[in-house]
Amino acid sequence: MSQETLGVLGDLRRYLEKQRDFGLHAVPGRPAQSDLSKLDQKLQGCKVCSLSQGRRQVVFGSGNPNADLMFVGEAPGAEEDRQGLPFVGAAGQLLTKMIESIGLRREDVYIANVIKCRPPGNRDPEPAEVASCEPFLKQQIDLIEPSIICTLGRFAAQTLLQTSESMGRLRGRLFAYEGIKLVPTYHPAALLRNQQWKRPTWEDLQMLRREYDGAEF
């Protein structure tokens, strides 16, 4: 990506952060549910980027609004677009099993995507779409205040970590996102296609659990 393109995206992001009227902040000691609900309601009518033209629903997120662990994926698929919930298809069923494999329940965590509307044909989101939507994910994270984030797949990891490194190089390592521990691993949909990635994903989940147990809640 050229420096000129990066500069344009940076300007667009700063513009959106100044212009949007979604300025909600968590209040210490108060559950984030009400503010998350307000942000969700605002986003249902969002038309900031062209993805709004082809979506059925904005897929905001679901789970425990005060979760200590947050999972972040790429974007909704067809089934998510129909139901308005993240990770509800075959990949979602596998994600539920992944969560349960480390001794947690799906309702214990919060699940969201970087992009809130389904890209046509499930293509990778474009840079301008990321610049439009990422500020809303950041607001979710600010409201939930997780102690640990687990990114699912290359796109989510690269977006939050601002890197172009491959998934193979990112996984197995512990990072920090704005002071929050971050563990990258493969997307459940990728595991359904590539059985050889299940073993390294299990190793990532074990590391995630160790970091979760060591976090100060």
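Based on what the data block shows, is residue 133 in contact (Cβ under 8 Å) with a residue 40 or more places away in the chain and in contact with a Cys (Cβ under 9 Å, 6 or more places away or on another chain)?
Numbers: in contact (Cβ under 8 Å) with a residue 40 or more places away in the chain: yes; in contact with a Cys (Cβ under 9 Å, 6 or more places away or on another chain): yes.
Yes, satisfied.
Write out, first by first residue and then by second, each pair whose Cβ atoms fall under 6 Å of each other, whose residues are 6+ apart or on separate chains, and whose first residue, in region 177-189, is surrounded by fewer than 18 Cβ atoms within 10 Å (Cβ to Cβ) while the second is modelled with pLDDT under 95.
Taking only residues 6 or more apart or on different chains, not a single pair turns up.
Output the residues belonging to region 155-193 that are of a type in the set (A, V, I, L, M, F, W, C) and either at pLDDT below 95 or part of a helix (DSSP H, G or I) (or both). Full working, then the answer.
The initial filter retains those residues of region 155-193 that are of a type in the set (A, V, I, L, M, F, W, C), namely 155-157, 160-161, 167, 170, 174-176, 180, 182-183, 189-192.
Correct list: 155, 156, 157, 160, 161, 167, 170, 189, 190, 191, 192.
Pick out the one residue from 88, 72 that is within 30 Å of residue 210 (Cα to Cα), free of Cβ contacts under 8 Å to residues at least 12 places away in the same chain and of a type in the set (Val, Ile, Thr). Working first, answer last.
Details: 72 fails: free of Cβ contacts under 8 Å to residues at least 12 places away in the same chain.
The match here is 88.
Output the residues belonging to region 89-124 that are assigned to a loop (DSSP other than H, G, I, E, B) and either at pLDDT 95 or above or surrounded by 22 or more Cβ atoms within 10 Å (Cβ to Cβ) (or both).
Initially, region 89-124 is screened for residues assigned to a loop (DSSP other than H, G, I, E, B), giving 89, 102-105, 109, 114-119, 123-124.
Once the filter is applied, which keeps residues that are assigned to a loop (DSSP other than H, G, I, E, B) and either at pLDDT 95 or above or surrounded by 22 or more Cβ atoms within 10 Å (Cβ to Cβ) (or both), region 89-124 yields 102, 103, 104, 105, 109, 114, 115, 116, 117, 118.
State whether one or more residues within region 10-30 are loosely packed, with under 14 Cβ neighbours inside 10 Å, modelled with pLDDT of 90 or more and closer than 24 Å to residue 119 by Cβ.
Checked against the condition, which is being loosely packed, with under 14 Cβ neighbours inside 10 Å, modelled with pLDDT of 90 or more and closer than 24 Å to residue 119 by Cβ, region 10-30 yields no hits at all.
Restricting to region 68-117, name every residue that is hydroxyl-bearing (Ser, Thr, Tyr) and farther than 20 Å from residue 134 by Cα.
Initially, region 68-117 is screened for residues hydroxyl-bearing (Ser, Thr, Tyr), giving 96, 101, 110.
Of everything in region 68-117, those that are hydroxyl-bearing (Ser, Thr, Tyr) and farther than 20 Å from residue 134 by Cα turn out to be 96, 101.
Just give me the residues in region 75-88 being in a loop (DSSP other than H, G, I, E, B) and either surrounded by fewer than 24 Cβ atoms within 10 Å (Cβ to Cβ) or not aromatic (Phe, Trp, Tyr) (or both), in sequence order.
Step one: list which residues in region 75-88 are in a loop (DSSP other than H, G, I, E, B), which gives 75-77, 84-88.
The answer is 75, 76, 77, 84, 85, 86, 88.
If you go through region 59-74 one residue at a time, do you hit one that is surrounded by 17 or more Cβ atoms within 10 Å (Cβ to Cβ) and on the phi > 0 side of the Ramachandran plot?
The answer is yes, given that some residue of region 59-74 is surrounded by 17 or more Cβ atoms within 10 Å (Cβ to Cβ) and on the phi > 0 side of the Ramachandran plot.
Sort out which residues of region 190-212 are touching a helix residue (DSSP H, G or I) at 6+ places or on another chain (Cβ under 7 Å), farther than 19 Å from residue 75 by Cα and touching a residue at least 12 places away in the same chain (Cβ under 8 Å), and write them in order of number.
Selection gives 201, 205.
Name the residue that is farthest from residue 186 (Cα to Cα), counting only residues in region 147-165 that are crowded, with 20+ Cβ neighbours inside 10 Å and in contact with a Phe, Trp or Tyr (Cβ under 7 Å, 6 or more places away or on another chain).
Restricting to residues being crowded, with 20+ Cβ neighbours inside 10 Å and in contact with a Phe, Trp or Tyr (Cβ under 7 Å, 6 or more places away or on another chain), the top hit is 148.
The values are calculated or read from the model by the stated rules, or taken from the named source; none is laboratory data. Note that this is a predicted model, so its numbers are computed, not measured. Positions of Cβ are backbone-derived with ideal geometry, glycine not excepted, and every protein chain shown enters the neighbour counts.
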